[in-house]
1. Given bins 10 angstrom wide, list per bin the percent of all Cα-Cα distances in segment 68-114, short to long.
2. For segment 74-223, state the semi-axes of the equivalent ellipsoid (square roots of 5 times the eigenvalues of the alpha-carbon gyration tensor), sorted largest first and rounded to whole angstrom.
3. If packing is taken as the average number of other Cβ atoms within 10 Å across a peptide's residues, how do 232-241, 307-316, 35-44, 185-194 rank, most packed first?
4. Would you compute the Debye intensity of segment 367-435 from its alpha-carbon atoms alone, equal scatterers and no solvent, and pass along log10 I(q)/I(0) at q = 0.13 Å⁻¹ to two decimals?
5. Less than 19 Å apart at the alpha-carbon level, and either on another chain or at least 8 residues along: which lysines does that give for Lys433?
6. How many angstrom lie between the C-alpha centres of segment 100-153 and segment 157-215?
7. What is the spread of the Cα atoms of segment 289-441 along each of their three principal axes, largest first, in whole Å?
8. Using the Cα atoms of the chain, I'd like the radius of gyration and the largest Cα-Cα distance, Dmax, both in angstrom.
Amino acid sequence: MLKLTNARQLRTLLVQINRKYSSKTDTAHYKVVVAGGGAGGCAVAARAVRALGQGNVAVIEPAKTHYYQPLWTLVGAGIKKVEQTARPMKDVLPKNCDHLAEKVAEFDPDRNTVTLGNGKKISYDYLVVALGIQIDLNKVEGLVDALNNDPLVGSIYLPDMASKTFTAMQNFKGGNAVFTFPNTPIKCAGAPQKIMYLADEFWRKHGVRDKAEINYFTSLGKMFGVDKYAATLREIVKRKDIHVNFRTSLKAVDHRKKTVTIEYLDSETGEEQTHKYDFLHVAPPMSAPDQLKNAPSKFVDSAGFLDVNQLNMQHSNYENVFGLGDCTNIPTAKTAAAVGAQNKILFNSLQSVMAGTSPNGQYDGYTACPLVTSYNKCVMAEFDFSCMPLETFPVNQAKERRSMYFFKKNVFPEIYWNLLVKGHWGGNKVFRKVLHLGMSK
Ligand SMILES: Cc1cc2nc3c(=O)[nH]c(=O)nc-3n(C[C@H](O)[C@H](O)[C@H](O)COP(=O)(O)OP(=O)(O)OC[C@H]3O[C@@H](n4cnc5c(N)ncnc54)[C@H](O)[C@@H]3O)c2cc1C
């Protein structure tokens, strides 16, 4: 016979019974619900669980595996194995959160609920949205078919295709190597060219480069959004003899004919050209997750990204909703480094709102892109909302450096697994200040 000694025990038991026996139509309730258990979701959930304790925080995340995506570039070049970027999701999510292994199918911020893929509703006091960005392979005609069937087509933007990229790189024996950058928002905007520089060096080492032409098709009008680093990259493509085709976009791939169709974005007549390829690396189109695109219009911007205040990560229209990372309309480059700074500011905002005060965060847009330019060098781009450099180290980071490659390959993964996803990393502002003797922003 069960004996209950106090009211608290009785309450806990009732909550447990309610969760266990609630049917599909019932609603489970949490103080904080985190939608998405990637970089941002884990970091915020870990902080929330520490502050609120067991039973108060749920993370809704369907994936069984959590990936450290920034290493997929090195997987594509054979430097790392994809298994080294993966951990079971259950080991990465904070221990004391409830993991709901479903996707969010629908947001209803007016009723403080989300509906899961299995139809169950979850209600919340506070919601944190961290769904990442969606990869839209179907927006390029023939791309899925080419990725699945042509051994010389790859993409570091998908874990299995990242490994395949290296196999393709090894199998390329010369001809036209094509690399693309999409005409959409993108996570880690440097990655499409990093893999190209690594491929160039790989083919040089293996005696293939002099039989190959490398063509980079990018929707952008310059090599990189920050002038200081773009200048270095312009020199690098010149040195490596890479042909850059600005303001172009991949429209279709026909792997049977081994051709790509390229759109010329500034052409008034809608010019398109078909080119032969012998190796193809695609950075696919991306967009806001469909669940956000389909959400009420007050919840998202016109492109479907979560509409948040860029300084404090609180939602622009719902004061109990917060968001970070790639699924938001925060106007900075979408990276894990940005999430590193945002998660702490977001959590401070959440705590302020819980305490009945207004958030006072002042996110500066800090983001970073370690532009790997060879198998042992990297340009460490770090910048803010206005695309002005915001560098951690007191050296010229626009220079290719071995030390920065060491950080990218060895140090950042450790920071990610041991600090960021555990909610112990709030960005490198403190290190930047110390290393600049207090003279940096
Ligand atoms: C090839 C590549 C190279 C990169 N290089 C770098 C780099 O060098 N430096 C850097 O800082 N960043 C880099 N990034 C970017 C970085 O990985 C992302 O910006 C970062 O992971 C964003 O974190 P997030 O939490 O917003 O999204 P994610 O980490 O992508 O997490 C989103 C989570 O939401 C889940 N989810 C999606 N839909 C739903 C749903 N409906 N319901 C519930 N859960 C859902 C997903 O399963 C996922 O776990 C790179 C990325 C790639 C792909």
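Bear in mind these aren't lab numbers, they're just calculated from the coordinates by the rules spelled out. Note that the structure is predicted; figures quoted are calculated from it, not measured. Ideal geometry is used to build each Cβ from the backbone, glycine not excepted, and the neighbour counts take in all protein chains shown.
1. Taking every Cα pair in segment 68-114, the percentages come to 21, 27, 29, 18, 5.
2. 38, 18, 14
3. Taking the mean over residues of other Cβ atoms within 10 Å, the ranking is 35-44, 185-194, 307-316, 232-241.
4. -0.38
5. Lys344, Lys441
6. Going from one Cα centre to the other spans 28 Å.
7. The principal-axis extents, from largest down, are 47, 33, 30 Å.
8. Expressed in Å, the Cα Rg and Dmax of the chain come to 23.1, 81.
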